[in-house]
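Right, one structure below, let's go through it.
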Amino acid sequence: MTVEQASGLAWVTGYKDMPVVVRGACDPVGGVHAVFALLLALENRRSSGEGQLVEVPLIETALNIAAEQVIEYSAYGELLGTNENRSSYAAPQGIYRWRGEEQFLALAITNDEQWRVLCSLIPQNALLVDDKLATAAGRHQWHDEIDEQLNQWMATQDINALETKLLDLGIAAQVL
């Protein structure tokens, strides 16, 4: 928890209507960095016969992730904050509830073509003909309305078949 606070990552986790989440991504990200470093060290030992000391300070991995905050502010003057399950590049992106049950579908639309493909799956879709949503900027601005429509539509779908169809069409999706 200390690393999230020291690196500034706690500032961008959680939800707007909830307190800052003091536990976050640092432990798993640190673990991935450690595994990568160990694999490189093992490969070096295999080729050279020499061992290496591998150290992965958690704060360094956290600062690598937190650098996005500094870059966004330096380049665009935007101070990043809590963004829930949304990203700065994918829209819509979120976790959608299926039929009120404890099953969800995570979805991320990363470009305009994926948006058109998603819209083509939704019959009588008013979203598709709305020019304000044709670009990522528009979808970011109207994200709440899109989420509402997607939740309504997904409640009528076979969630596992939908996941398969989305993946086959090149759209990032995962039943949770």
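Key figures
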{"read-out": "Options Y76, Q103, L63, ranked by Cα towards positive dipole end of the chain, top entry (Cβ charges)", "value": "Q103"}
{"read-out": "Positive-end extreme of charge dipole, region 41-163 - chosen from P123, Q152, N44 (charges on Cβ)", "value": "N44"}
{"read-out": "Loop-exposed GluC sites (Glu not before Pro) per DSSP, neighbour cap 13 Cβ within 10 angstrom, longest uninterrupted part of the chain", "value": "103-176"}
{"read-out": "Within the chain, helix-based [θ] at 222 nm, where runs of 4 or more DSSP H residues each add -39,500 (n - 2.57), nearest 500", "value": "-15500 deg cm²/dmol"}
{"read-out": "The chain: relative contact order in percent, alpha carbon pairs under 8 Å with at least 6 residues between", "value": "19 percent"}
{"read-out": "Net charge of neighbours whose Cβ lies under 14 Å from the Cβ of K132, counting Lys and Arg as +1 and Asp and Glu as -1", "value": "-4"}
{"read-out": "Euclidean distance between Cα centres, region 44-99 to region 102-163, Å", "value": "26 Å"}
{"read-out": "Cα extents of region 91-176 along the three principal axes, largest first (Å)", "value": "32, 24, 21"}
{"read-out": "Where the chain is the region considered: accessible area per residue in Å², 1.4 Å probe", "value": "63 Å²"}
{"read-out": "Share of carbon and sulfur in the accessible heavy-atom surface of the chain [1.4 Å probe, %]", "value": "56 percent"}
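The values are calculated or read from the model by the stated rules, or taken from the named source; none is laboratory data. Quick caveat: nothing in here was measured; it's all calculated off a predicted structure. Glycine also receives a Cβ, built like all others from the backbone with ideal geometry; neighbour counts cover every protein chain displayed. Protein only, heavy atoms only, side chains kept; ligands, DNA and RNA dropped before computing areas. Shrake-Rupley method; radii C 1.70, N 1.55, O 1.52, S 1.80 Å.
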